[in-house]
1. Is it fair to say Tyr146 is under 16 Å from Val183 (Cβ atoms), surrounded by 12 or more Cβ atoms within 10 Å (Cβ to Cβ), within 16 Å of the ligand (Cβ to nearest atom) and outside the structural domain of Glu19 (by TED's automatic domain parsing)?
2. Which ones in region 13-42 are surrounded by 21 or more Cβ atoms within 10 Å (Cβ to Cβ) and closer than 13 Å to Lys53 by Cα?
3. Quick one: in region 1-28, which of the residues that are under 16 Å from Ile47 (Cα atoms) and part of a helix (DSSP H, G or I) is modelled with the lowest pLDDT?
4. Go through (1) of a type in the set (Gly, Ala, Ser); (2) in contact (Cβ under 8 Å) with a residue 12 or more places away in the chain; (3) assigned to a loop (DSSP other than H, G, I, E, B) one by one and return the number of the condition Ala142 breaks.
5. Check whether at least one residue in region 36-49 is within 16 Å of the ligand (Cβ to nearest atom), within 22 Å of the chain's Cα centre (by Cα) and not in a strand (DSSP E or B), and report yes or no.
6. From the list Thr82, Thr112, which residue is away from the ligand (no atom under 16 Å from the Cβ), closer than 30 Å to Ala33 by Cα and out of contact with any helix residue (DSSP H, G or I) (no Cβ under 6 Å at 6 or more places or on another chain)?
Amino acid sequence: MTVIDVNSASNISGNDVSETSLNTNLEAASEIARQLRLRNIGGIVVIDFIDMKSDEDRQKVIGSLTSEFKRDKARTMIMGFTRLGLLEMTRKRSTAAIGSKLYSSCPICKGTGRIESPRAVYQRLLKDLTRGFQDETISGAAVQVYQNMSGILTPDNQKNLGRTLKREISVGFTWPIPTSYEVKFVKQQEKPKKPRRKTKKESK
Ligand SMILES: [Zn+2]
């Protein structure tokens, strides 16, 4: 159950208290309808409006809510005011909310349905490789990319890339994410320098 309390504090300065109460409640009604829709709140909703003396004013508030809910895709039912002056209503959550429990938005496209093209991913990869190869001690790179990069990183293109960047580059297509890749830079194998012994010839 959702309980919403309409606060009177901000709007009490008017001369005609009953008119002020009604206006505040009407404003609140449209805002509440909007929030229920936005947050997709379902179930029983109880709204504690500011006390209204006249039945006519209460009917106006109900009328305002009813017309606001016409824009709501969810089924809403207004039960009316209880004796304590609480407005009771129900709202049946739309299927979107049920769906959002089973699905979350896609982390790769972030819900946009669009992702970086293979060409754009390749351009980034190229920059990263070039930057990494500025280090002279790096002799090559093992790259893992998403399978849709195979059109760009054909065996021929891989060879050309290695030639252009003057490094050994191996490419695998097992990376699971289409908008990123993995690069493992390979350091030149440093041969441990053995202390050279002087040969007989040299010692002479
Ligand atoms: Zn997506």
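1. Considered against the rule, which asks whether it is under 16 Å from Val183 (Cβ atoms), surrounded by 12 or more Cβ atoms within 10 Å (Cβ to Cβ), within 16 Å of the ligand (Cβ to nearest atom) and outside the structural domain of Glu19 (by TED's automatic domain parsing), Tyr146 comes out as yes.
2. Listed by number, the residues that qualify are Ser21, Leu22, Asn25.
3. Ser21
4. (3)
5. No, that holds for no residue.
6. Only one candidate qualifies: Thr82.
The values are calculated or read from the model by the stated rules, or taken from the named source; none is laboratory data. Keep in mind the model is a prediction, meaning the values are calculated, not measured. Virtual Cβ from ideal backbone geometry, glycine too; neighbours counted across all protein chains shown.
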